[in-house]
1. At a 10 angstrom cut-off on C-beta neighbours, averaged per residue, how do the peptides B:173-180, B:47-54, B:145-152 rank from highest to lowest?
2. Please work out the Cα convex hull volume for region A:55-191 and give it in Å³ per residue.
3. Just A:L19, A:L181, A:L66 to compare: in a GNM of chain A, with alpha carbon springs under 10 Å, which one fluctuates most?
4. Given the DSSP H assignment, sum -39500 (n - 2.57) over each helix run of at least 4 residues in chain B and divide by its residue total; what's the result at 222 nm in deg cm²/dmol, nearest 500?
5. Contour minus end-to-end for B:A93 and B:R52, with contour as 0.36 nm per residue of separation and end-to-end as the Cα-Cα distance?
6. Sorting B:I135, B:I33 on the 10 Å Cβ count, fewest up front, what's the list?
7. Would you compute, for the Cα atoms of region A:94-164, the largest minus smallest coordinate along each principal axis and list the three values in descending order, in whole Å?
8. Round to the nearest 0.05 the FRET efficiency obtained for A:T43 and A:R64 when R0 = 35 Å and r is the Cβ-Cβ distance.
2 protein chains.
Amino acid sequence: MARWEPGARERLVMAAVDLFTEQGYDATTVTQIAERAGVTKSTFFRHFPDKRELLVAGQETLSRLLAEGIAEAPPGASPLEAIAAGLERASNALGPANRELGPRLKAAVAASTELQERDALKSVSLAAAMTTALIARGVPDPTAALAGELGMLAFKRGYAEWSEGDPDTGDDLAPYTLAALKDLRAASAALS
Amino acid sequence: MARWEPGARERLVMAAVDLFTEQGYDATTVTQIAERAGVTKSTFFRHFPDKRELLVAGQETLSRLLAEGIAEAPPGASPLEAIAAGLERASNALGPANRELGPRLKAAVAASTELQERDALKSVSLAAAMTTALIARGVPDPTAALAGELGMLAFKRGYAEWSEGDPDTGDDLAPYTLAALKDLRAASAALS
């Protein structure tokens with residue numbers, strides 16, 4: 001079986017994240033990112049308007065998928081069943097490129113205050129997207145707010161475990177995020 | 001009764017936040033902040049090493065107080081009782097200057113992507129400080145992680161309600177954050 005090969009967009013994201021780790025976010029230019037990814041600068045600009053957007057694009061897609069999965073859960077679904085539907089929708093959109101990116105992104109974030117702030121905004125945005133989608137389903141506040149945080153934790157924890165595992169197993173992300181949600185649900189019962 | 005008067009440090013923070021709203025974080029200089037606050041530049045530097053630290057200082061103090069309150073809760077306290085002790089410790093350290101700051105900080109954050117990232121990092125840091133303090137008490141993961149998020153939500157929601165209320169009532173922050181924690185605990189029971 002042929003090993004999975006990333007496309008230009010995936011190579012650009014990985015090159016950027018590696019360069020951010022090596023030399024910092026500010027010091028990294030679009031020219032350097034394109035060169036490292038083995039593509040031209042115009043290929044970069046076909047995929048991303050600028051360096052910043054390269055980090056934001058994935059986050060916006062993720063928030064949209066989480067919200068869509070929650071919106072389309074069956075009418076009788078409980079808040080956490082709706083969260084599970086959102087996690088499943090978003091998880092199924094992530095593949096090997098996202099798995100390989102995990103540890104590299106973690107290294108880049110550890111090395112840069114600027115990327116820590118961006119990563120924090122990502123967590124807050126994912127939780128807010130899920131909370132908003134639950135409120136649209138009629139889930140009352142603060143239940144929706146708490147469920148949104150729980151969904152965010154489930155996504156982050158499931159993704160961390162998946163991306164730190166052996167990529168050659170080829171297993172999907174969804175079982176990881178759903179297992180994390182189950183653990184958090186049990187924790188929620190223990191708390192209250 | 002004399003109206004409460006802010007000191008130089010409080011005036012510097014408020015001047016900075018207002019200037020960030022009016023003209024953006026990047027465009028605001030230490031000279032402008034000092035001028036608006038009616039103090040000299042050297043007074044600014046007696047309180048803060050730079051413009052950035054002016055925003056970080058409060059967050060670090062808050063994280064420390066939350067963690068101390070959790071650490072010093074009675075040995076038999078449940079995770080949420082320990083969180084309540086942390087919220088009480090931190091809330092009691094905030095006074096009229098912090099209350100007046102609330103709506104102004106909200107306006108500044110709404111106006112600036114950079115401050116949104118900083119504000120997100122603040123939420124993530126507060127939750128992490130509480131989670132770490134609970135783990136040190138022997139609370140297992142992911143219960144500690146979830147309780148940390150719950151404490152962060154309680155602090156943010158209680159603070160928002162307090163700072164949007166009438167400052168002339170002179171009421172303390174603690175009843176607001178503790179009431180928010182109670183609501184979130186009920187939400188947690190409803191979820192699981």
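FYI, it's all coordinate maths here, none of it is from the lab. Here the structure is a predicted model, which is why all the values come from computation and not from measurement. In this analysis, Cβ positions are derived from the backbone assuming ideal geometry, glycine residues included, and neighbour counts consider all displayed protein chains.
1. Going by the mean number of other Cβ atoms within 10 Å, highest first, we get B:145-152, B:173-180, B:47-54.
2. Enclosed volume per residue, from the Cα hull, is 109 Å³.
3. A:L19
4. On the way: 9 runs with 146 residues, N = 192.
Here the helix-only value at 222 nm equals -25500 deg cm²/dmol.
5. Going from the current span to full extension adds 12.6 nm.
6. Exposure proxy ranking, most exposed first: B:I135, B:I33.
7. Principal axes ranked by extent give 39, 26, 14 Å for the Cα atoms.
8. Details: r = 25 Å, r/R0 = 0.70.
Computed FRET efficiency for A:T43 and A:R64: 0.90.
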